[in-house]
Amino acid sequence: MTSRTGAERLHDLARLRRVRDRMDREYARPLDVEALARGAHMSAGHLSRAFRLAYGESPYAYLMTRRVERAMALLRRGDLSVTEVCFAVGCSSPGSFSTRFTELVGVPPSTYRREAALATAGMPSCVAKQVTRPVRNREARPAGAHLA
């Protein structure tokens, strides 16, 4: 195996930042590692390995965190059902969405929707977003943790 030069590593990091920025912008679109890798002119395997090394999680985990963050904001608004929120943030399976949401937030989306409206009432949205940000890398709050 050949070692990569500093210039090659910097080039990879720039491409990884563009991939991450694309996921931040296009979280609601159907994105998969193959499509992201093609856009960055990398193989899917190389993208996955390099992304995990650079950011500490897989591209899929990062994308799901973005989707859950947006879902949290939509659920706090309270005007959409959990299923509507699931599809609005780009998830295609309410069951998978609910599972990942619960892993990151510590409570199911329906519970979050009910409790978040009370906990963030009167709070500026920029503050609510910061204090309710999901925990990454499967470090969910302990069971029974409440927002308030």
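Things to note:
- Positive end of the dipole of the stretch 2-110 (Cβ unit charges, origin at the Cα centre): among 81, 7, 55, the Cα lying farthest that way belongs to 7.
- In this calculation the C-beta distance from residue 7 to residue 43 is compared with R0 = 22 Å, giving a FRET efficiency of 0.65.
- 15 Å tail of the calculated P(r), the stretch 61-131, as % of Cα pairs: 46
- Backbone HN-Hα couplings from phi across the stretch 51-59 [Karplus 6.51/-1.76/1.60, Hz, Gly and Pro as x]: 5, 4, 5, 6, 10, x, 7, 6, x
- Charge-dipole axis of the stretch 61-131 as Lys and Arg at +1 and Asp and Glu at -1 on Cβ define it, positive-most pick from 123, 95, 105: 123
- With viscosity 1.306 mPa s and temperature 10 °C, the Kirkwood radius over alpha carbon pairs of the stretch 1-111 converts through Stokes-Einstein to a diffusion coefficient of 106 µm²/s.
- Chain lengthening between residue 32 and residue 54 when straightened (0.36 nm per residue, less Cα-Cα): 6.1 nm
Throughout, read-outs are computed from the coordinates displayed, never taken from laboratory work. As the structure is a computational prediction, the values presented were derived from the model and not from experiment. Ideal geometry is used to build each Cβ from the backbone, glycine not excepted, and the neighbour counts take in all protein chains shown.
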